[in-house]
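Have a look at the structure below before the remarks.
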Amino acid sequence: FLLRGENRRREFAVQLALGSGRARVAGQLLGEALTLSLGSGLLGVASAHGGLRFLQGTAADQIPLIGEMTIDLPTIGFAMLLALLAGLVFCALPIVRFTRPNLPEALKENGRGSSDAHGRHRTRHALVVAQVAIALMLLVGATLMVRTFVAIRDVRPGFVDGEQVLTLRINIAEAVSPDPVATARLHEQIVRGIAGVPGVRDAALTSSITTDAANRRDPVFVEGLIGEDGRMPPVRRMKWVSPGYYQTMGNPIVAGRDFTWPDVLERREIAIVSDGLARETFGSAQAALGRGVRGNPTSPWREIVGVAGNEHDDGPTRPPTPIVYWPFLQENYAPSRITVEPALVYAVRSDRLRDAGLLRDIQQAIWAVNPALPISRVETVDDVYRRATAQLSLTLMILMIAAGVTLLLG
């Protein structure tokens, strides 16, 4: 509108010279602006509706929450209001500038060589400079957004090939197995039974899968270092796991060793910590081995026998979560008691996840140990991760679309 107004200065001057009032010329400019902006707004809403229908039909399983998106009346109203405001804003300056022209200068043929023509050139140059500057800024922002998107996708969250890891929950209530040691042995039998299912490569159990929002935190005391001066030590994430958990998830042991079933069933006083926690507390993963940790000041020290790779339990945009891993069967973790985690998540890595018969075979392996055990929340690790990062993924998708439009405009 600014550039077209500059080019139509003589036209407006002729209209005014022939008797058209300023209000009529202003109304003409306003009508053109509103027609264009509202028409563009309607076209944008129609394009958004068509694009949303296309994505819902072709990429519903790839874009989180896409099925819940709608273009409702408030959305349309907001879009049209923005279009209306854009038309009013960008026709305001032409109305002010071109309905009060210098008629003698404007009526000269194109105003060539006049001081007013030089002023128009300056205006054009200023607009070009502003457009180039804004385009450059948008291009830089779009580039940074693409880099951020790529960096987040490259974050290793604490597992690999999550689409190949099936998870399910089993709760062994006290009514089924009142003895903690018997409950632990029941879990062991189930894990071994699942591991024997054809096509299953690894199986293990844990109190919490990466990013499943099971946020169990407690202070962690470190022998000779943290909490020894009477002050409360930092709160850390805690998980109770079985042998083979890290191998099943694809999370490496970076120092030391994994738990073993004798460690669990004999209730040995040991622990594993995450690499980030080891580096933060001891300076390196190797230095953490052999040190003592405990969850409360009255329980015995538990020796760190291994350091596991980091998990981004709080999401890929946050630093790795400091985690302490305990065997899922403990003695004296609570004062003078043997405790077991009754409700645990089974992680099963298999190449048969697309085979509908895999879950049936896993159920048979579980029910062969105890037919009364219920199974719940069957999903892959990727499902858990996508649900936890749905808001982030949706935001990134929208920003990536915006970045693409920005590149086009630039």
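For a quick check: with amide H placed at 1.01 Å from N, whose amide H comes under 5 Å from Phe328's, ignoring anything fewer than 5 positions away on the same chain? HN-HN under 5 Å from Phe328: Val241.
Residue by residue, segment 272-288 carries 3J(HN,Hα) couplings of 10, 10, 6, 4, x, 5, 4, 5, 5, 8, 10, x, 7, 5, 5, 5, 6 Hz when phi is fed to the Karplus relation 6.51 cos²θ - 1.76 cosθ + 1.60 (θ = phi - 60°); x denotes Gly or Pro. Pairs of Cα atoms nearer than 8 Å and 6+ residues apart set the relative contact order; for the chain it is 23 percent.
Once backbone amide H atoms are built at 1.01 Å from N, Ala255 has Val307 as its partners under 5 Å, excluding neighbours fewer than 5 places away on the same chain.
With the convex hull of its Cα atoms as the shape, the chain has an orientation-averaged projected area of 29.5 nm².
For Asp202, the amide hydrogen comes within under 5 Å of the amide hydrogens of Arg349, counting only partners 5 or more places away or on other chains and with H modelled in the peptide plane.
Highest mean packing first, where packing is the average number of other Cβ atoms within 10 Å per residue, the peptides 379-390, 316-327 line up as 316-327, 379-390.
Here each label is just a point 7 Å from Cα along the line to Cβ, and for Thr143 and Gln247 those points are 4.7 nm apart. Each residue, Ala402 and Asp383, gets one label point 7 Å from its Cα in the Cβ direction; the gap between the two is 3.2 nm. Residues in the chain average 52 Å² of solvent-accessible surface per residue, probe 1.4 Å, ligands and nucleic acids excluded.
Please give the length that would be gained between Val129 and Val176 if that part of the chain were fully extended, namely 0.36 nm times their separation in residues minus their C-alpha to C-alpha distance (nm, one decimal). Extra length from Val129 to Val176 when fully extended: 9.3 nm. Residue-wise HN-Hα couplings along segment 367-372, as the Karplus relation 6.51 cos²θ - 1.76 cosθ + 1.60 with θ = phi - 60° gives them from phi, are 6, 5, 7, 7, x, 8 Hz; Gly and Pro carry x.
Distance between the C-alpha centres of segment 174-248 and segment 305-376: 7 Å, rounded to the whole angstrom. Extension gain for Arg318-Gln28 works out to 98.9 nm (0.36 nm per residue, less the C-alpha to C-alpha distance).
Please work out the FRET efficiency for the pair Leu43 and Val160, using the Cβ-Cβ distance as r and a Förster radius of 45 Å; give the result to the nearest 0.05. Computed FRET efficiency for Leu43 and Val160: 0.50.
Available extension along the chain between Ser376 and Ala390 is 2.8 nm, counting 0.36 nm per residue and deducting the alpha carbon span.
If Lys and Arg each add +1 and Asp and Glu each add -1, what is the summed charge of the other residues whose beta carbon sits under 9 Å from the beta carbon of Arg387? Its environment carries a net charge of -2. For the listed peptides 178-188, 80-90, a ranking on the average number of other beta carbons within 10 Å per residue, highest first, reads 178-188, 80-90. Derived scalar couplings between HN and Hα for segment 380-388 equal 8, 4, 4, 4, 4, 5, 5, 5, 5 Hz in order, rounded to whole Hz, by the Karplus curve 6.51 cos²θ - 1.76 cosθ + 1.60 (θ = phi - 60°), x for Gly and Pro.
The values are calculated or read from the model by the stated rules, or taken from the named source; none is laboratory data. Computed from a predicted model, the values in this text were never measured in an experiment. Heads up, the Cβs are rebuilt from the backbone with ideal geometry, glycines too, and the neighbour counts pull from every protein chain shown. What goes into the accessible areas is simple: the full protein's heavy atoms, side chains included, and nothing from ligands, DNA or RNA. Shrake-Rupley method; radii C 1.70, N 1.55, O 1.52, S 1.80 Å.
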